[in-house]
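**Student:** A single structure is presented below for examination.
The values are calculated or read from the model by the stated rules, or taken from the named source; none is laboratory data. Because the structure is a prediction, the values reported are computed rather than measured. Surface areas here come from the heavy atoms of the whole protein model, side chains and all, with no ligands, DNA or RNA. Shrake-Rupley method; radii C 1.70, N 1.55, O 1.52, S 1.80 Å.
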Amino acid sequence: MLIFGSLLFLVIAKGLFYTRFMNFIILPFNNKYIFMYNKKEKLLNWFHIFFTIFMISNFSLFVFLSWRTFFQPEYTSYPFIFPIILGGLLLFLLVKIFLQLGNGFIFNANKVISDLIFKKLSYLNHSGIIMLLANIILCYIAKDSKIVIYTSASLIILINGIGWVTTVKNHQKFITNNFFYFILYLCALEIAPFIIVASYLTD
């Protein structure tokens, strides 16, 4: 049901925004999508919202399937683990975006920060397609396959890595002029949240 529901959002996005969808599909290989749609209301438009819901749904399912594969817990021991994963990812994403927007407001760099969020979230949303394919394989073809998980995770990291490199390259002048603040932003809002989450999960 979750896979079908996420596919529904994908189909709606393609049906209502076909040209934008076709540009979005080739995003890791051609950043035409970024230049065409990096305008006002870039975060609050239906195409972006549909794809973000699609990504969060598949990201949550991918994390759940990976957790089940590596730890092989009894289902009765953790009956509500998936809603916790889904809610945790959604909360993490929303808090991170609001903190980044607040950072842009404080340092009078709203446009640049919103550009950064749009570009990073676009690449993250695109990696949701990899998550969908991985979820289908893990559910119906190769259940509990660690090779599929490692391969999918590598592709997800690669796509988002391309996004990061492209984003930094496009804002190279701004970063150079505000290098100290960029390092603070990187440590406080990009690296620290993942360290905190990883430390919590390890404990």
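**Student:** So how do TRP164, TRP46, TRP67 rank on accessible area, 1.4 Å probe, biggest first, that is with the largest at the start?
**Tutor:** Final ranking, largest accessible area leading: TRP46, TRP164, TRP67.
**Student:** Ranked from the most accessible area to the least, with a 1.4 Å probe and all protein chains present, what is the order of ASP144, ASP115?
**Tutor:** ASP144, ASP115
**Student:** Which links in LYS119/LYS143; LYS146/LYS169; LYS96/LYS146; LYS32/LYS119; LYS32/LYS173 stretch past 23 Å when you go from one Cα to the other?
**Tutor:** Result: LYS119/LYS143; LYS146/LYS169; LYS96/LYS146 exceed 23 Å.
**Student:** Sorting ILE117, ILE106 by accessible area (1.4 Å probe), largest first, what list results? Could the numbers behind the result be given before it?
**Tutor:** Numbers: ILE117 5, ILE106 125 Å².
In descending accessible area the options line up as ILE106, ILE117.
**Student:** Per residue, how much accessible area does region 1-155 have with a 1.4 Å probe, in Å²?
**Tutor:** 57 Å²
**Student:** At a probe size of 1.4 Å, how large is the accessible area of LEU90, to the nearest 10 Å²?
**Tutor:** For LEU90, solvent-accessible area is about 80 Å².
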